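Nothing in this text is a laboratory measurement; each read-out follows from the coordinates by a stated rule. Computed from a predicted model, the values in this text were never measured in an experiment. Don't worry about glycine lacking a Cβ; one is built from the backbone with ideal geometry, like all the others, and counts go over all protein chains shown.
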Amino acid sequence: MEALSDIGYTNFRAEIRAFLEESLTDDMREAGRLNTNPFPDLKQVIAWQKARHRRGWAAPSWPREYGGPGWDEIQQTIFREEACKLDAPGEHVQSLMMCGPCLIGHGSQEQKDYYLPRILSAEHVWCQGYSEPESGSDLASLKTTAVPDGDDYIVNGAKIWTSDAHRATHMFCLVRTSNEGRPQQGITFLLIDMKTPGITVKPIINLAGVHEQNTVFFDDVRVPQRNRVGDENHGWTVAKYLLEFERGTQCLAPVLRKRLENIKKSAASECNAYGSRLLDDPAFRRKWAKMRIELHVLDSYEQQIIVMVAAGNCPGMSAPVVKNMGMELLQNFDKLAIEAAGLHTLVSQPEALEPGNSVARIGPDYALTPTPRYLSNRGLTIASGTSEVQRGIIAKSVLGL
Ligand SMILES: Cc1cc2nc3c(=O)[nH]c(=O)nc-3n(C[C@H](O)[C@H](O)[C@H](O)COP(=O)(O)OP(=O)(O)OC[C@H]3O[C@@H](n4cnc5c(N)ncnc54)[C@H](O)[C@@H]3O)c2cc1C
């Protein structure tokens, strides 16, 4: 039986299912199934994006005039639900949910014409150069400088925690162009080609032993002034606009719905301390039910944001609320998944998570991913603004405290 929201969309769901079954290769599905990181295997993410692009569906939330499918909120949700059911590898967040919407909102016509088609086709893959070694929560204190020189800027400084910088072709980046007035008033938003001479990328290995983040050094990097988004010294407005999309449009509910079912399946195969089926244990059932209720709340919230964005608005102050709700719930799912998969989750076997591997696995398949996921996802209540800072924003801007 379809959900109530499906009334009038039965044919659409069938069309999506047929497309997914035809386009998702075994490799893509394996990468989706084995993925334990917020930033999944880029090769398969790109292959999946190219397959969608051929059908005009690369960016489910983009308006039709910019190359998106122009789907309403229910169509977007159906697409993401069906994609999750078949273990699709996910969408490239920095390109499709951050840089693209930001250029649609603040880019010049020339920038839209040049960059948006290349984002859709995955020719360009983006990373985010906001945080610096001394500027994270206090982002406005950033020190990387851009000094005008003819038609260019000369950029010097360093960015840190830059996810995907080692694989990205481009970076959207905040730089300091003035020290006058409030710190926010001297910031400019630039688009930088990662092949430009003077850029060095050094890896940071995370808690799970995975390379996702980097430090990026700029040493006299020449960036054309035409790559500036918005006016000089007005980058803070552009940066905040992008952050609303980053924090508000992650659409975690379909992913978590699938994970909730997987947790139930593992608990049906594992035992509690008394030797009975874990799934029949009242304490476990209570936790599972609590997750289900919280997922329902998250889903409702995400739906509201999808409606707002589909109507041409940005997420606004819903962004910090849904960001905290989603990331904290995700981490609680990680803990429950470990409990449901039992002692087998203690075995570290990273080679068994490589797509295409043929290593003999120790323990059941469902025990492979929970611990590496738990370790990788710990950073998600820090990334894109810590939970504490989001609570501060909610207290000030939503509750007026
Ligand atoms: C997995 C991951 C991926 C990331 N990817 C990127 C990326 O791609 N691009 C990018 O630019 N950055 C990225 N970041 C960086 C991220 O945005 C920063 O780590 C984050 O903003 C926090 O900054 P910080 O690390 O300097 O911590 P700090 O700002 O030094 O914070 C330290 C502690 O103090 C608390 N604190 C600070 N200020 C306040 C306050 N006003 N009120 C209450 N508590 C406060 C914080 O909550 C935290 O607990 C990533 C981080 C992680 C973990």
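Footprinting exposure proxy ranking of 92, 53, 124, fewest other C-beta atoms within 10 angstrom first, gives 53, 124, 92. Holding the Cα-Cα limit at 20 Å, pick out from 265/287; 43/240; 258/287; 202/335; 202/240; 290/396 the pairs that are longer than that. Where the Cα-Cα span goes over 20 Å, the pairs concerned are 43/240; 202/335; 202/240; 290/396. Values of log10 I(q)/I(0) for segment 126-242 across q = 0.13, 0.14, 0.23, 0.24 Å⁻¹ run -0.45, -0.52, -1.36, -1.47, by the Debye formula with one identical scatterer at each alpha carbon and no solvent.
In the calculated pair-distance distribution of the chain, the portion above 35 angstrom amounts to 28 percent of the Cα-Cα pairs. Neighbours of residue 355 by Cβ distance under 12 Å: Lys/Arg scored +1, Asp/Glu scored -1, total -4. Available extension along the chain between residue 193 and residue 10 is 61.6 nm, counting 0.36 nm per residue and deducting the alpha carbon span.
Computed from the C-beta positions of residue 182 and residue 290 and an R0 of 30 Å, the FRET efficiency is 0.10 to the nearest 0.05. Semi-axis lengths, largest first, of the ellipsoid equivalent to segment 250-398 are 32, 18, 14 Å, with √(5λ) applied to each eigenvalue of the Cα gyration tensor. Charge tally around residue 119: other residues with Cβ under 13 Å, Lys/Arg +1 each, Asp/Glu -1 each, net +1. Shown for 322, 216, 255: other C-beta atoms within 10 Å of each C-beta, ranked fewest to most, produce the order 255, 322, 216. One chain, two ends: residue 401 and residue 335. Fully extended at 0.36 nm per residue, the span grows by 20.5 nm beyond their Cα-Cα distance.
Given R0 = 45 Å, the distance between the Cβ atoms of residue 283 and residue 26 translates into a calculated FRET efficiency of 0.70. Between residue 387 and residue 258, full extension at 0.36 nm per residue minus the direct alpha carbon distance yields a gain of 44.0 nm.
Over segment 4-91, the fraction of Cα-Cα pairs per 10 Å bin, rounded to whole percents and listed from the shortest bin up, is 17, 50, 29, 4.
Summing charges over neighbours of residue 248, with a neighbour being any other residue whose Cβ is under 11 Å away from its Cβ, gives -1 when K and R count +1 and D and E count -1. A simple spin-label model places pseudo-atoms 7 Å from Cα toward Cβ; at residue 143 and residue 271 they are separated by 6.0 nm. Round to a whole angstrom and tell me the spacing of the C-alpha centers of segment 22-50 and segment 135-199. If you average the Cα positions of each part, the centres end up 31 Å apart.
Only aspartates and glutamates eight or more places from residue 323 in sequence, or on another chain, were considered; those with a Cα closer than 14 Å are 244, 246, 294, 299, 302, 388.
With the biggest extent put first, the Cα atoms of segment 211-273 measure 62, 26, 19 Å across the principal axes.
Each peptide among 14-20, 380-386 gets the average number of other Cβ atoms lying within 10 Å of its residues, and from highest to lowest they stand as 380-386, 14-20. The calculated 222 nm mean residue ellipticity attributable to helices in the chain amounts to -13500 deg cm²/dmol, summing -39500 (n - 2.57) over DSSP H runs of n ≥ 4 and dividing by all residues.
May I ask you to list the residues of segment 139-173 whose amide nitrogen lies under 13 Å from a point 7 Å from Cα along the Cα→beta-carbon direction of residue 211? What the label zone holds, given the 13 Å backbone N cut-off, is 164-168.
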